């Protein structure tokens, strides 16, 4: 009798566990892959996993967000301009698709701003004048939609850090913005499970160098 | 209790049994494994990424007929039906490469392309504006590319043994009738339009598309920018005048205006000139650019420009041994409107209208030559693309040209003619694979003036010869009406003709581009005459002919992130003609056998300075020496020029400021472009020579520009 009860109980437990929706389960496993990714092929695997989810969950913007994010991160480590462009093209397609679902999502505009510097680096002389303006536009829009989004301040700080002092950049100007980003990161409450969380460690890393 | 246990066990067993493993490998057509491919069952989360050997494996719970999707950037997405029952499935997936712009072959024989948006181009428009020695002139910049001859006293493009009028210019597909400012004798001119108006350009040194006609040697096709990115204004002060611009941007519309007033008075004082100006050259000009996005895929562009320039000088006419007062007044108006729209998923339409009027008033002492040229054009093209494999472009083009010249030099003449030209073309490009592209076109043209209809073929192809290299070839027949200077005297002439054969090999890897091109051109039906400026019947004929052959080499290493960037061009040309009043076949005066140019640019980050240097070399050019019985056998000495440009970006008065300085011929080489000989010999029977030299040895232009 006891055995039977144990079996039934454990079976029920299994059922309860299965209540966690397939979407959440899949997201959790994809998210874990992304967290552990170090090399380009691991990021691509994570992107593929998110892409599979996005094909089924047509109302969710987060899977699309992570497809784009993984591609952008990979693009920063690519040397080859053609590969870089292909990755960014794919990322842009997914940002566009996500924005159709959630046009007022601050995180998506911040992600757009994260894409531009990689595009600029391919050919600074030509792409710089075209995309620097768009970068600020995206950040401003992201800030309007949610001023508590810490990634906005992190991206602003990085942009300032990489800008020559003659143009109003440099580490001294960037430092207070990094501090503000840190503050925002500390008080950040993710709105959804799997809400973007990245940027905090990088902010702390930069602050320790300044 | 036992039955319950059994059922539970069965359930577990069933559950386990339903898990089917799907595995396999992904390869390309030739059998190379592909990593990073996303493989999954459509409508499920079940899937995997292929590893470095192309292997993949995943399990699934579902059964029945399912579709396995394989997708990867650069490859066509595959859908494979799989029947999932109880057994594991193992299968091979073969991916087909998607033909896209990234690394497919492009037919580029003869063509140099500059573009902001395309990926496989050699030059960016900014390269043109910032190249030292070109004075911000589009034609000057193309002069640093292989295939062009350096002809200092002209300032126009001379391409591969062809006269300057054999190169035609187009803006957004519409003809620019008078692309250069009017020209004083022996003084160089320059292009009318600033390079910053354009975001793309093609300089084709031969074998170009059937879309373009009436050009024997070369075309320059310029594409104007789309919507202005933002509202802005700028004011520039130059050592030779002032320029201003203002742009306004609305959601789907933009309007940009520019104006300039150039006066070389100050500059002429600073750099001593071997010319006596009676009236300092003054140019006033303005442009207007209107852009309107008519739909997601439609764009309406209007461009208008007006310019007026005046100057007067004392010309030493050595041939006639007199001093002449030469005055030049030129008024030019150019307007075009084009509209692009996707009619549906496959058809794109391009419609355009252009208008150009140019009046030139040339005074020689008391005499006067008044010339007016009017061009009107209507053009429509349709482009059909089907599944990325075949692209067909066809169109019709109507050009009305009207030429009038009133001559009052002692006696008066009125020379005039007009021409109605109707042309049609069709051209198809077939992308057989990522490795092979073929293109064939035909152009038909009817001219009312010459009463001729001509149909000519154009063919080209490109084949990939390796991961980074490709071979491209082009062949075509080209023809062009004789120059105005002949047509005004006689319309009983036929078009001049040329045949181009071109073979190009290009290697592009990372930041490097290497290109070598061999060509051969045959010229027939060139205009010959017994006497220049004679209306006598039979004076002008089409009996001339010639050839031109050569090799062009181009090397560029463009490092990213503002590091050094340089390009080197070398051209060898061998060409001879028997045309005009030549007694025998000879190399014309504008042809230099060897042309070399090197351009170097570097951005110095800590100083915010952009440095550009260029060096040009041209071997000696032939000139006619009446003392030498051997026609056109004398050569001038070699030509050298080293130029330097510095651009500094800073903040002044709280606005972004650009300081720019260019110095031409830094080392002061004494260059000689040719010689004029007196018409009559002196007492000893020899004809006296006078060298034709640059106006000033060195020249510098300074600019300061404020972004408001």
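The values are calculated or read from the model by the stated rules, or taken from the named source; none is laboratory data. Just so we're clear, the structure is a prediction, and the values are computed from it rather than from any experiment. Glycine gets a Cβ as well: all are built from the backbone with ideal geometry, and neighbour counts include every protein chain shown.
Out of the residues in region B:207-250 meeting the condition of being within 14 Å of chain A (Cβ to nearest Cβ) and farther than 26 Å from residue B:175 by Cα, tell me which one is surrounded by the fewest Cβ atoms within 10 Å (Cβ to Cβ). Once the filter is applied, the top-ranked residue is B:230. Residue count for region B:644-662, restricted to those that are in contact (Cβ under 8 Å) with a residue 40 or more places away in the chain and more than 12 Å from residue B:611 (Cβ to Cβ): 9. Of the residues B:671, B:679, only one is under 30 Å from the mean Cα position of the chain (by Cα) and in the same structural domain as residue B:152 (by TED's automatic domain parsing); which? None of the other options fit; the residue is B:671.
For the residues B:498, B:545, the requirement of being within 20 Å of residue B:577 (Cβ to Cβ), more than 14 Å from every other protein chain (Cβ to nearest Cβ) and buried (at least 19 other Cβ atoms within 10 Å of the Cβ) singles out B:498. A single member of B:331, B:280, B:287, B:297 is modelled with pLDDT of 90 or more, farther than 21 Å from residue B:194 by Cβ and touching a strand residue (DSSP E or B) at 6+ places or on another chain (Cβ under 8 Å), and it is B:280. Taken together, B:613, B:550, B:562 contain a single residue that is away from chain A (no Cβ under 14 Å) and either at pLDDT below 95 or surrounded by fewer than 16 Cβ atoms within 10 Å (Cβ to Cβ) (or both), which is B:613.
When region B:690-708 is filtered for residues that are surrounded by fewer than 17 Cβ atoms within 10 Å (Cβ to Cβ) and farther than 30 Å from residue B:260 by Cα, the ones remaining, listed by number, are B:690, B:691.
With respect to the conditions (1) in contact with a strand residue (DSSP E or B) (Cβ under 7 Å, 6 or more places away or on another chain); (2) surrounded by fewer than 22 Cβ atoms within 10 Å (Cβ to Cβ); (3) assigned to a helix (DSSP H, G or I), residue B:165 lacks only one, and its number is (1).
For (1) assigned to a loop (DSSP other than H, G, I, E, B); (2) in contact (Cβ under 8 Å) with a residue 60 or more places away in the chain, each residue gets a yes or a no:
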position	(1), (2)
B:319	yes, yes
B:328	no, yes
B:334	no, yes
B:345	yes, no
B:350	no, yes
B:357	no, no
B:363	no, no
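Would you confirm whether or not region B:570-578 contains a residue that is assigned by TED's automatic domain parsing to the domain that holds residue B:619, touching a strand residue (DSSP E or B) at 6+ places or on another chain (Cβ under 9 Å) and modelled with pLDDT under 95? No, there is no match, as no residue in region B:570-578 is assigned by TED's automatic domain parsing to the domain that holds residue B:619, touching a strand residue (DSSP E or B) at 6+ places or on another chain (Cβ under 9 Å) and modelled with pLDDT under 95.
If the condition is being more than 9 Å from chain A (Cβ to nearest Cβ), in a loop (DSSP other than H, G, I, E, B) and surrounded by 23 or more Cβ atoms within 10 Å (Cβ to Cβ), then region B:21-49 contributes no residue at all.
Within region B:576-600, count every residue that is part of a loop (DSSP other than H, G, I, E, B) and in contact (Cβ under 8 Å) with a residue 60 or more places away in the chain.
5
Can residue A:120 be described as over 23 Å from residue B:45 (Cα atoms), without any contact (Cβ under 8 Å) to a residue 12 or more places away in the chain and either more than 16 Å from the chain's Cα centre (by Cα) or more than 10 Å from chain B (Cβ to nearest Cβ) (or both)? No: the conditions fail for residue A:120. Applying the criterion of being surrounded by 14 or more Cβ atoms within 10 Å (Cβ to Cβ) and more than 8 Å from every other protein chain (Cβ to nearest Cβ) to the residues of region B:72-87, the residue that is modelled with the lowest pLDDT is B:75. When you check residue B:661 against the structure, is it part of a strand (DSSP E or B) and either touching a helix residue (DSSP H, G or I) at 6+ places or on another chain (Cβ under 7 Å) or in the same structural domain as residue B:581 (by TED's automatic domain parsing) (or both), yes or no? In short, yes. The sole residue among A:85, A:79, A:100 that is free of Cβ contacts under 8 Å to residues at least 40 places away in the same chain, within 12 Å of chain B (Cβ to nearest Cβ) and in a helix (DSSP H, G or I) is A:85. Looking only at residues in region A:35-70 that are more than 13 Å from chain B (Cβ to nearest Cβ) and farther than 22 Å from residue B:41 by Cβ, the one that is surrounded by the most Cβ atoms within 10 Å (Cβ to Cβ) is A:68. Given the criteria surrounded by 15 or more Cβ atoms within 10 Å (Cβ to Cβ), within 14 Å of chain B (Cβ to nearest Cβ) and farther than 25 Å from residue A:62 by Cβ, does residue A:132 qualify? Criteria met by residue A:132. For region B:189-213, filtering for residues that are in contact (Cβ under 8 Å) with a residue 40 or more places away in the chain and more than 20 Å from residue B:519 (Cβ to Cβ) leaves 13.
For region A:141-178, the set of residues classified as within 14 Å of chain B (Cβ to nearest Cβ) and either buried (at least 19 other Cβ atoms within 10 Å of the Cβ) or modelled with pLDDT of 90 or more (or both) is empty.
Residue-wise test of (1) within 21 Å of residue B:502 (Cα to Cα); (2) away from every other protein chain (no Cβ under 14 Å); (3) surrounded by fewer than 18 Cβ atoms within 10 Å (Cβ to Cβ).
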| site | (1), (2), (3) |
| --- | --- |
| B:574 | yes, yes, yes |
| B:582 | no, yes, no |
| B:585 | no, yes, yes |
| B:597 | no, yes, no |
| B:604 | no, no, yes |
